[in-house]
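The values are calculated or read from the model by the stated rules, or taken from the named source; none is laboratory data. What you see is a predicted model, and the numbers here were worked out from it, not measured in a lab. Don't worry about glycine lacking a Cβ; one is built from the backbone with ideal geometry, like all the others, and counts go over all protein chains shown. We work out accessible area using only protein heavy atoms, side chains counted, and drop any ligands, DNA or RNA first. Shrake-Rupley method; radii C 1.70, N 1.55, O 1.52, S 1.80 Å.
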Amino acid sequence: MKNNKFFKRMILILIILLILLFFTSLILRNRLQDAEPENVIDSNTITAEEIEQNAEERELEGLKNADERTRIQQYCGKFIRYIESKDYESAYNLLYPDFKNNYFKTLDDFTKYVQEKFPSDLIIVSYDNIERQGQYYVLFTTITSPLEPDYSMDQRFFFVENDFNDFLLSFEVKQ
């Protein structure tokens, strides 16, 4: 029974990866077709800062064109990617100040909590529901990991969006 469940999860992950690869190739193909010859020549001298700035601009444009649910899910995804890549400082910097003060006074406190409660490697987030309560968004998720088949955690995240890609979050702290 466990092997069947694991096999289904692996197939799902493979399908998701193939879909991402497909869309990435479409985007790259469209950009290569739209590129002018002088842009190709200049691309050899592009700096890491320019690449990062371009990525941020594309991310911001995508968020401006997205609906509320999609934006909040992307914010959650950003937080989870930081945790998954063990960039705990960046994840910590996204936390609402009062939440940090109440639960994680230091980066070390936060890091310890995340290492105990979240999967250690590959994290899959299923977005179950979203509710808006005034200026706050409550995102209901289920967190799993294909590398830890017995792991599953229902997790609520709370977001405040000040502007596109300018947000703070907190979450339900598990004891």
- Taking the options 127, 96, name whichever one is among the hydroxyl-bearing types (Ser, Thr, Tyr) and over 14 Å from the mean Cα position of the chain (by Cα). 96
- Just checking, which of 106, 111, 141 is farther than 18 Å from residue 86 by Cβ, at pLDDT 95 or above and open to solvent by less than 70 Å² (accessible area, probe 1.4 Å)? 141
- Query: farther than 18 Å from residue 13 by Cβ and aromatic (Phe, Trp, Tyr), is that true of residue 151?
  - Reply: no
- Selection count where residues are under 12 Å from the mean Cα position of the chain (by Cα) and either open to solvent by less than 80 Å² (accessible area, probe 1.4 Å) or more than 17 Å from residue 162 (Cα to Cα) (or both), scope region 60-86: 15
- Which of the residues belonging to region 106-164 are assigned to a strand (DSSP E or B), under 14 Å from residue 174 (Cβ atoms) and of a type in the set (A, V, I, L, M, F, W, C)? 143, 153, 157
